[in-house]
Each structure stands twice: as structure tokens, then as C-alpha cells.
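The structure appears below as C-alpha cells.
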Amino acid sequence: MTAVNIHVERNSNENNLSVLRRFRSRMKTSGVLSRVRGLRFRTRPQSKFQIKQSKLKRLTKSREREQLIKLGKIVEE
């Protein structure tokens, strides 16, 4: 991500609220906040090892469930 400097100077007869409003509008148009908020909850993609482990775990659970159904210990839904 590249750094963006937003520089706002106060004019001679301008109050603080209008300077703040001008700064906010420049922040919105620069797109900095939207990019940062988009990256806030970003998760990394799973590695091949993690994908393999989760798939193996699912397969073993489904096999155990099938075995329990065959033994009559749980009722099939």
C-alpha cells in the first residue's frame, strides 16, 4: 500500500469546522479509508496442508458417523 499525504491548510478567514470538513472530503476522495477498512478483516488463504488436514478430518468424522449408524447407536436423520 502506498502512502498518501493529505495536506490541508487553514485559510485566513476560515473556521476550524470548514477545515475539518475539507479534510474529510479529501480523505473520502483519496480512498485511503476504504482500502484500510477492506483490509481490516482480510484472512489469509489456507495453505495446502491445512486444506488437506481439514478434508481428512471431515472424512474420518463421516466414516465414524456411518459406522455408528450401522451399529444402530445413532439414528439416521
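Before moving on, here are some points about what is shown:
- Loop-resident sites, the chain, for chymotrypsin sites (Phe, Trp or Tyr not before Pro), counting at most 10 other Cβ within 10 Å (DSSP): Phe41
- Sorted from greatest to least, the principal axis extents spanned by the alpha carbons of the chain come out as 86, 28, 13 Å.
- Label-reachable residues, segment 61-75, where backbone N falls under 17 Å from a point 7 Å from Gln46's Cα toward its Cβ: 61-63
- Value of [θ]222 nm, deg cm²/dmol, for the chain, DSSP H segments ≥ 4, -39500 (n - 2.57) each, nearest 500: -20500 deg cm²/dmol
Each value in this text was obtained by applying a stated rule to the coordinates, not by laboratory testing. Quick caveat, the model's predicted, so the values are computed rather than measured. A quick note on method: Cβ atoms are made from the backbone with ideal geometry, for glycine too, and the neighbour counts reach across all protein chains shown.
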